1. If we keep just the residues of the stretch 38-47 that are free of Cβ contacts under 8 Å to residues at least 24 places away in the same chain and among the hydrophobic types (A, V, I, L, M, F, W, C), which is surrounded by the most Cβ atoms within 10 Å (Cβ to Cβ)?
2. If I go through the stretch 11-37 residue by residue, how many of them are modelled with pLDDT of 85 or more, closer than 27 Å to residue 54 by Cα and surrounded by 11 or more Cβ atoms within 10 Å (Cβ to Cβ)?
3. With the structure loaded, tell me whether residue 5 is touching a Pro at 6+ places or on another chain (Cβ under 9 Å), surrounded by 10 or more Cβ atoms within 10 Å (Cβ to Cβ) and either farther than 30 Å from residue 57 by Cβ or not acidic (Asp, Glu) (or both) or whether it fails that test.
4. Got at least one residue in the stretch 47-57 being in contact with a His (Cβ under 8 Å, 6 or more places away or on another chain) and of a type in the set (Ser, Thr, Tyr)?
Amino acid sequence: MHRHATTRGFPYALIEIRQDLIAGEVGAKAWAYRLAPMLEAINARPDMHEVRHFGSRTDHM
């Protein structure tokens with residue numbers, strides 16, 4: 001994420017879901033329905049589409 005988002009000033013989020021919970025269509029759809037409203041709300045924020053650089057401890061590595 002540092003290389004592809006942080007250094008370019010892109011906001012990001014990392015979501016981990018156990019593979020066994022999304023292995024089948026039912027589980028995958030259930031998680032899609034859970035996550036969709038949250039992701040849509042985040043995506044609707046204008047500040048989420050701005051490039052902003054905050055720096056990181058890894059900038060100096």
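1. For the stretch 38-47, the residue satisfying everything is 39.
2. 1
3. yes
4. Start the filter on the stretch 47-57 by keeping residues that are in contact with a His (Cβ under 8 Å, 6 or more places away or on another chain), which leaves 56.
So of that shortlist, the ones also of a type in the set (Ser, Thr, Tyr) come out as 56.
Yes, the stretch 47-57 has at least one match.
The values are calculated or read from the model by the stated rules, or taken from the named source; none is laboratory data. Because the structure is predicted, anything quoted here is derived from the model rather than measured. In this analysis, Cβ positions are derived from the backbone assuming ideal geometry, glycine residues included, and neighbour counts consider all displayed protein chains.
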